[in-house]
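The block underneath contains the structure these notes are about, expressed in structure tokens.
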Amino acid sequence: MTKRIFRSILFVAIAVLAAALVIILGVLYDYFSLMQREQMRVETELAALGVESQGEAYLNDIRFSTIRVTWIAADGTVLYDNRTDEAAMENHLEREEVQEALATGYGESSRTSSTLTGRQLYSAKLLSDGSVIRLASPQSTILTLIFGMLQPTVIVLAGAVLLAFLLASGVSRKIVQPLNELNLDLPPKDAVYEELTPFLNRIRTQQHHLAKQEAELKRRKEEFDAATDSMSEGVVLIGERRIILSINRAAARFLSVSESSVGQNICVFDPAFGIEDLLEKTERNGRADKLVSYHNLEYRLSAAPIGPKNLPSGFALFLFDITEREKNEKMRREFTANVSHELKTPLHSISGCAEL
């Protein structure tokens, strides 16, 4: 959760920074473009005053480093150009800035020049003799502005990203810390975050129900243990993965284990009883019985599934000590055999006399 919050805060911070940078660059570009137009207007006014007073001599005397100066007659013929031979230049009467200057006295336009590479900003001023003085200057694009500010922009971005990283890390840990320190065993009534109040109330309600259920299960277990401990038959409850859930005194005595074996696997039982095989047979058939002789004693083991037959959740194992019954049965069989043997001789004599 901390990583998710950290990534979210960092992403939002970087997104806001990028959006702010784009907006700032756009505003700066508009501002610099406006300043360039104002500068071009002023320089065009100065050039117009110089040409009005001195003519072409003014243009020959002054040196323009990055600005192109063109003097255009009223019919569009180029009279002077400081970059190109005016004789080889086409008529400029149809140029947008020239048309606007002839109509209003001053005109501006920007376009890609056919003689100069790159986009140019043009400004034209109408002179008193009907001619037009025009100045052209390279117009900076948004890419030019970005490349010009690349180094400081990269430094600012790196610092901002680092700051966003540190702040996101601290804020995410601060947000998650109360959640990590929250004790769900004893949830506080006053939640650190208001949004957690329904969750904590739900936990308290569930804990209350669980406590009641635990108390009820404990009471029933005590009643079950009290009832089974007084039985002469052995009773063992076995859960999933063959874990012993309950064992009474008689079963512990029959199986020669301690009553504290609850929670252990049935492997603690003597393999001579074959309980694992009995449970597997119970899973297949639904119920199983077997007779076991152990330490000169006779036992009958009976197992039944707890839950659905095809998917039992556990088993109930019953152990009966049938040693006395088997002993009595053996005595009965021996007595019957002896009586039969003793009566066999007189019966043969009587049978012979009867036949005679």
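The values are calculated or read from the model by the stated rules, or taken from the named source; none is laboratory data. Computed from a predicted structure; not experimentally measured. Reconstructed Cβ throughout: ideal geometry from the backbone, glycine too, with neighbour counts over all protein chains shown. Ligands, DNA and RNA are excluded from the accessible area calculation, which covers all protein heavy atoms including side chains. Shrake-Rupley method; radii C 1.70, N 1.55, O 1.52, S 1.80 Å.
Of all the residues that make up the range 167-190, how many are free of Cβ contacts under 8 Å to residues at least 60 places away in the same chain, surrounded by 10 or more Cβ atoms within 10 Å (Cβ to Cβ) and not in a loop (DSSP other than H, G, I, E, B)?
Within the range 167-190, residues that are free of Cβ contacts under 8 Å to residues at least 60 places away in the same chain, surrounded by 10 or more Cβ atoms within 10 Å (Cβ to Cβ) and not in a loop (DSSP other than H, G, I, E, B) number 4.
In the range 74-91, which residues are out of contact with any Lys or Arg (no Cβ under 7 Å at 6 or more places or on another chain), without any contact (Cβ under 8 Å) to a residue 40 or more places away in the chain and part of a loop (DSSP other than H, G, I, E, B)?
If the condition is that a residue be out of contact with any Lys or Arg (no Cβ under 7 Å at 6 or more places or on another chain), without any contact (Cβ under 8 Å) to a residue 40 or more places away in the chain and part of a loop (DSSP other than H, G, I, E, B), then Asp75, Gly76, Thr77, Thr84, Asp85, Met89, Glu90, Asn91 are the ones that fit.
Of all residues in the range 59-96, how many are within 15 Å of Ala48 (Cβ to Cβ) and within 60 Å of the chain's Cα centre (by Cα)?
1
Take Leu25 and tell me if it is in a helix (DSSP H, G or I) and in contact (Cβ under 8 Å) with a residue 60 or more places away in the chain.
In short, yes.
Of the conditions (1) in contact with a Ser or Thr (Cβ under 8 Å, 6 or more places away or on another chain); (2) open to solvent by 60 Å² or more (accessible area, probe 1.4 Å); (3) at pLDDT below 75, Tyr193 satisfies every one except a single condition; which number is it?
That leaves (1) as the condition not met.
Counting just the residues of the range 28-73 that are open to solvent by 80 Å² or more (accessible area, probe 1.4 Å) and not in a helix (DSSP H, G or I), which one comes out farthest from Val156 (Cα to Cα)?
Arg63
Cβ-Cβ under 9 Å, sequence separation 6+ or interchain: first residue in the range 201-213 and in contact (Cβ under 8 Å) with a residue 24 or more places away in the chain and open to solvent by less than 70 Å² (accessible area, probe 1.4 Å), partner of a type in the set (Val, Ile, Thr) and assigned to a helix (DSSP H, G or I). Which pairs?
Hits for this filter: zero, empty list.
If Ser302 satisfies all but one of (1) among the hydroxyl-bearing types (Ser, Thr, Tyr); (2) loosely packed, with under 10 Cβ neighbours inside 10 Å; (3) modelled with pLDDT of 90 or more, what's the number of the condition it fails?
(2)
In the range 224-261, which residues are within 46 Å of the chain's Cα centre (by Cα), open to solvent by 70 Å² or more (accessible area, probe 1.4 Å) and under 19 Å from Ala303 (Cα atoms)?
Glu240, Arg241, Leu245
Anything in the range 11-22 that is in contact (Cβ under 8 Å) with a residue 12 or more places away in the chain and more than 15 Å from Leu162 (Cβ to Cβ)? List them, or say none.
Residue satisfying the conditions is Leu21 alone.
When the residues of the range 74-115 are filtered to those that are under 21 Å from Gln139 (Cβ atoms) and of a type in the set (Val, Ile, Thr), which remaining residue is least open to solvent (accessible area, probe 1.4 Å)?
Val98
Take the residues in the range 262-273 that are more than 18 Å from Tyr299 (Cβ to Cβ) and open to solvent by less than 60 Å² (accessible area, probe 1.4 Å); name whichever of them is farthest from the chain's Cα centre (by Cα).
Step by step, filter the range 262-273, then rank; the result is Asn265.
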